[in-house]
1. Multiply the residue gap between residue 362 and residue 401 by 0.36 nm, knock off their C-alpha separation, and tell me the result in nm, one decimal place.
2. How high is the FRET efficiency from residue 313 to residue 150, r the C-beta distance, R0 60 Å, rounded to 0.05?
3. If the chain between residue 190 and residue 42 were fully stretched, how many nm would it gain, using 0.36 nm times the residue separation less the Cα-Cα distance?
4. If r is the Cβ-Cβ distance from residue 585 to residue 385 and R0 is 51 Å, what FRET efficiency results, to the nearest 0.05?
5. Give the calculated FRET efficiency between residue 158 and residue 480 to the nearest 0.05, with a Förster radius of 41 Å applied to their Cβ-Cβ distance.
6. Cβ under 10 Å from residue 346's Cβ, residue 346 left aside: what net charge do those residues give with Lys, Arg +1 and Asp, Glu -1?
7. If each Cα of region 447-533 is one equal point scatterer, what is log10 of I(q)/I(0) from the Debye formula at q = 0.12, 0.15, 0.24 Å⁻¹?
8. Which entries of 313/595; 565/595; 328/376; 313/346; 51/586; 485/586 show an alpha-carbon separation above 25 angstrom in the structure shown?
Amino acid sequence: MAADCLLKVIFEREGVFIHPSSDEDAIEHDLLISGSLRIVDKEAEVFVEYKPVEEPVDSSNMLCAGKDSSSVMEWNQCTGEKNQCSGEKNQQLLETQQSYETEWDMINAVSFKKKSCSNGEGALNHSHERSRGAFSFAVSDLRSVTVKEEGWSFLVFRLKESCSSPPPLHFHQGGSREFLDSLRRFALLSESPGDDRCLLVSAPNRTLSQSFENLLDENNFGLVQQKFRKDPYVTTLGGFSKVTNYIYDAFRGTEEQHQRPPEEVADLLGEVIPGLEINQQEEPGFEVITRIDLGTRPQVTRTGPLSSEDWSKHQDPEGRMINVSLLKQIIFKGGLCHAVRKEAWKFLLEYVPWDSTLEERKVLQRAKTDEYFRMKLQWKSVSEEQERRNSRLRDYRSLIEKDVNRTDRCNRFYEGMDNPGLVLLHDILMTYCMFDFDLGYVQGMSDLLSPILYVMENEVDAFWCFVSFMDQMHQNFEEQMQGMKTQLIQLSTLLRLLDLSFWNYLESQDSGFLYFCFRWLLIRFKRELSFHDVLRLWEVMWTGLPCDNFHLLVCCAILDSEKQKIMEENYGFNEILKHINELSMKLDIEEVLQKAEGICEQIKGCKDLPRSISVILGLGPGPGLGPGLDSEVCDCGASPALRPPQRADACSNGLLRGSSSHRVAFISS
């Protein structure tokens, strides 16, 4: 444990490849070893580490669309005898495709060769990593790095005489420049006099490893403001994932020295997130009238994922799902094994009814297939001349193409050049524009589709499951962003109930609007968790248990785990934003779900639960709500900022001093 605490990850990127070339690998010349590349600081030394994270990618075993999406074909990048057999293989594939969709002569599925797994987790089980290809070396042992191009960048490392050099690393999805930039923090890289592609490495310079925290001071926010105003998208979806580098770039690249006090940066975020401005006008007449003791938080346990055998036990002979309430409870408690997801997600997303028979689902599939491809043909049949006169469709297509090219490219399903998964991702999003042209496409929607397509491996099923998910998420992407406003207000209301002292602290640091949770809510933690954990979280939330808006309690659970560090370290606005952002990919989903469920049970057990909380969580009036309580609580739609100045002071200067963190003061006009 002590060693883990001393390790600091400086750079990390998945989807970096080794191309096997030795004699022992000759039999596998079509395989690429995909792995994770890191630069880590182990206190006394800086290391470059590479570790394979998946089985090698077999580039000859994907079923996909041609570039014009007009036919079903096998993706085959090989030459020689394999290509001579491609016609026979394609014929066999078409003969085995009995689905009705092939009548459209359109792509309907993507499949990868998956290694069988006894625990039912399929290709997502990474517990048995390949040791071949793994290597590690100290930066102090590095003599040179040669940068080469072969349609993509790859790096060749040369170590000192006493060390054997590692294999070249290929950056098919980019990232070589970021790697070298990170390396420059610990070593001086200079061009070789005889070869400008070769970078000579001098002794590490530890002074360059100064942490970003030292750059964050009050006098630099004027520089950040200029960057924020130029690219609002960076401050919303994309930017929170890159806030550290982004602000650092602002410090280095801006010459203007106009300064802005840190307390005004929260206002800046409100200005650059369209439609998210929250009225800060005070409403007089509020006063503290009561305190609510939530009691002890109960301990809850989680179970393992539902297996294929257990899923089958919940079907009657005609294919209807039985004991649905119990089935949802099991899924909520442990999720699903990967082998079940393709079928179960259709029910959880209400694409198919729980009480439908197998025959009824086949009829539904045919009807939905017809509907999907009619919509798809609408945009595919638009001529270039028509599109020049349709600015909205042109804008949708441009946004989709940009987002698709950067969505989950480190995932095997979407990595590499001309990947069939990307073709389907593009086509489904374009077809959704035909389905809901008023909304069209908004940045972030590709993040919601990607896991669904990965699970379904079928264009039609993925589309209709995505439609159902978007029915839940629609307001998040509307121009006025009413869904985001409501969720931020509701989250603030819940946080005040659970820990008023923490909420008051956030408010004192200009973070009371909880803007740092914006991305969590916008795309349901998609960029905060590993791909595997996203699948688990989403299927748990889709059960609708144990209450409405359970995702808000997931937010509360994460904040509850981080509040002590935030308050003890006296983090300000910028440190809070940075700290929350850096939680990405470090959260344990099972721990988060366990705590979120415990919070829910704690709230349910409250004898005098405010009606505002009951409405948010859909708990109903409950036995503890007396007839006179309605007038004693604030409306859950009221902004946390709508309060007179004395409200927070009154809560902290007397009434709640020394009280449990699970007490909260409520207000009434």
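The values are calculated or read from the model by the stated rules, or taken from the named source; none is laboratory data. Keep in mind that what you see is a predicted model, and the values were worked out from it rather than measured. Cβ: placed from backbone, ideal geometry, glycine included. Neighbour counts: every protein chain shown. SASA here: full protein model, heavy atoms, side chains in, ligands and nucleic acids out. Shrake-Rupley method; radii C 1.70, N 1.55, O 1.52, S 1.80 Å.
1. Numbers: separation 39, 0.36 × 39 = 14.04 nm, distance 3.28 nm.
In short, 10.8 nm is gained.
2. Working: r = 52 Å, r/R0 = 0.87.
E(calc), rounded to 0.05, equals 0.70.
3. Working: separation 148, 0.36 × 148 = 53.28 nm, distance 2.48 nm.
My answer for the length gained is 50.8 nm.
4. Values: r = 46 Å, r/R0 = 0.90.
The value I calculate is 0.65.
5. Values: r = 57 Å, r/R0 = 1.39.
E(calc), rounded to 0.05, equals 0.10.
6. On the way: positive: 341, 342, 361; negative: 343, 350, 461.
Surrounding charge for residue 346 is 0.
7. One equal scatterer on each Cα of region 447-533 leads to -0.48, -0.68, -1.15.
8. Numbers: 313/595 30 Å; 565/595 17 Å; 328/376 34 Å; 313/346 18 Å; 51/586 18 Å; 485/586 27 Å.
Those over the limit are 313/595; 328/376; 485/586.
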